[in-house]
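The structure under discussion appears below in the form of structure tokens.
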Amino acid sequence: MSTEKNIPVAKGHWLLGSLLEMNKDVLGFIGEQRKLLGYIFYVDVLAFKVLVIIRPDYIRHVLQENNKNYVKSFSYEVLKLFLGNGLLTSEGDFWRKQRRLAQPAFHKEKLVEITKQMSLSSEKLAAKLETVKQQQKEIDITEYMNEVTLDIVAAALFSSNVSDKMEIIRNSLTVANEFAISRIKKPIGWPLWMPVPSNLNFRKAGRELDNIIYSFIESRRNEKEKPNDLLSMLMDAVDEETGERMSNLQLRDECMTIFLAGHETTSLALSWFWMLMDEHPEEENKLREELKTVLNGRTPEFADIPKLKYTKQLIEETMRLYPPAWTIGRKSLQADEIDGYKVSPEQNMMLMTYQVHRHPDYWSEPDKFMPERFSDENAKHIKKFAYFPFGGGPRLCIGNSFAMMEMQLVIATLAQRFKFRRTETHEIIKDALVTMRPKDGIKMRIE
Ligand code: HEM
């Protein structure tokens, strides 16, 4: 065993620790501390010590090599209020069983059917944007990306019979999301049982979504011809070991999880993508050339996806600079040691995707947008876990192929018709909450 090394602590206020700095600009603060303290350090937040890790092999240790010793950290508790015990928030044997049941639904060949819906939703959005363009209106691109990704994931889950419910779904998800964010920002708030407006609104939104999801599950049980969507696949999945299927409650939790995890992150990646395209006209022209060669104006489909190579590189580079999941939280179960650093039991930690993705040790000119980093040849030289927008190890994002295909199809449809140009010149502030969002959206006009 190697000799024990000392883990430095970020200097902070005697009582608050670095709470104020973390709340004000967590990415900037951790970036500064990285320069001072290196790959691994503690940050005090009130009475808690959070271990911050910014090194690929250490992250690999936590997510992969010794993953059994690490569970999701306290920040996932807030998500649990809404998602219940779904794939994102559950642990141990229960999670393993659920993952086994859900995994086949996300295999690439199973997604062929869903890519049709992805193209359809993209076309629907394109028609809407055409009208906006004629009206010369300024738009917030994040709202439109949110709409299309929500449309896609709803259809992927429940097929086409969801369009009349979209308004309620959208509103309820927004309320729930804002509630989660406010609780993460202000951990000392009203207890959940208090009938204050924020709690009541949150519960009402939850009830409305529950009603919709349960009604889909009930009516699906009675249908003879089941559509080929995620809900059918989850309902049909039988556990090989026990012969059991999922209960209604379990189906509800998984649907809610896929709903939320399946659109928010993708919508943010797409939004950052359009901002980068506005900033990099040369790369945008190359994108258009690829689309012209592969599609020549037609709607993209499943078979086109492997040919849209440069489009994929652009998306990968977008998620390097702007990873929607900017950090991954874990907590140790037993004591552990990482490269001579002692990890205590019950230690909360932040694996810093954003900082690793921009670390000069692993990337040349780390802040520069350079999609050629992800060409077939160059990608071979990327260190393992120097790039992990979808996490890694057994808890790797189950929807990663879904998301990549979706983004390629949405981009290929829209970029063939429109250019989005920012109407403001100031640098967009990155708001790192549950996910990394552009603060105040991204205002654009359509050309
Ligand atoms: C750009 C898009 C996306 C990004 C950046 C992303 C990122 C992530 C990350 C980092 C994790 C791991 C979290 C952890 O280890 O604590 C994760 C898990 C998960 N994601 Fe995604 N995701 C995306 C799209 C999707 C989509 C489209 C779906 C579903 C349709 C989805 C469903 C899930 C689920 C269910 C989990 C939990 C998996 C498990 O623990 O077994 N995600 N995602």
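Before moving on, here are some points about what is shown:
- Among the residues of segment 413-439, those identified as crowded, with 21+ Cβ neighbours inside 10 Å and within 16 Å of the ligand (Cβ to nearest atom) are M436, R437.
- Any hit, segment 318-336, residues being more than 24 Å from A432 (Cβ to Cβ) and out of contact with any helix residue (DSSP H, G or I) (no Cβ under 6 Å at 6 or more places or on another chain): yes
- Selection of first residues in segment 89-106 that are closer than 16 Å to T257 by Cβ and of second residues that are within 8 Å of the ligand (Cβ to nearest atom), restricted to Cβ pairs under 6 Å at least 6 apart or on distinct chains, gives the following pairs, ordered by first then second residue: T89/Y76; Q98/L87; A105/L230; F106/I398.
- Members of segment 242-260 found to be in a loop (DSSP other than H, G, I, E, B) and not polar (S, T, N, Q), listed by number: G243, E244, R245, M246
- Of the strands (runs of 3 or more DSSP E) contained entirely in segment 267-378, those carrying at least 2 residues that are of a type in the set (A, V, I, L, M) fall at 348-351.
Listed here are the residues, each with its yes/no results for (1) part of a helix (DSSP H, G or I); (2) near the ligand (Cβ under 7 Å from one of its atoms); (3) out of contact with any Lys or Arg (no Cβ under 6 Å at 6 or more places or on another chain); (4) on the phi > 0 side of the Ramachandran plot.
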| site | (1), (2), (3), (4) |
| --- | --- |
| I382 | no, no, yes, no |
| P394 | yes, no, yes, no |
| I398 | no, yes, yes, no |
| F402 | yes, yes, yes, no |
| M405 | yes, no, yes, no |
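- Top-ranked residue of segment 256-282 - restricted to ones that are hydroxyl-bearing (S, T, Y) and within 10 Å of the ligand (Cβ to nearest atom), ranked as farthest from R417 (Cα to Cα): T257
- From the options N211, N296, N285, N228, residue that is within 16 Å of the ligand (Cβ to nearest atom), among the polar types (S, T, N, Q) and surrounded by fewer than 16 Cβ atoms within 10 Å (Cβ to Cβ): N228
Here's the yes/no breakdown for (1) over 30 Å from F302 (Cα atoms); (2) small (G, A, S); (3) part of a helix (DSSP H, G or I):
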site	(1), (2), (3)
I114	no, no, yes
E143	no, no, yes
A156	no, yes, yes
R203	yes, no, yes
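- The listed residue being part of a helix (DSSP H, G or I) and touching a strand residue (DSSP E or B) at 6+ places or on another chain (Cβ under 9 Å), out of V148, V132: V132
- Leading residue by the ranking (farthest from the ligand (Cβ to nearest atom)) among those in segment 56-103 that are part of a loop (DSSP other than H, G, I, E, B) and out of contact with any Phe, Trp or Tyr (no Cβ under 9 Å at 6 or more places or on another chain): N66
The numbers here are math on the coordinates, done by the rules we state, and not lab data. Keep in mind the model is a prediction, meaning the values are calculated, not measured. Neighbour counts run over all protein chains shown; Cβ positions are idealised from the backbone, glycine included.
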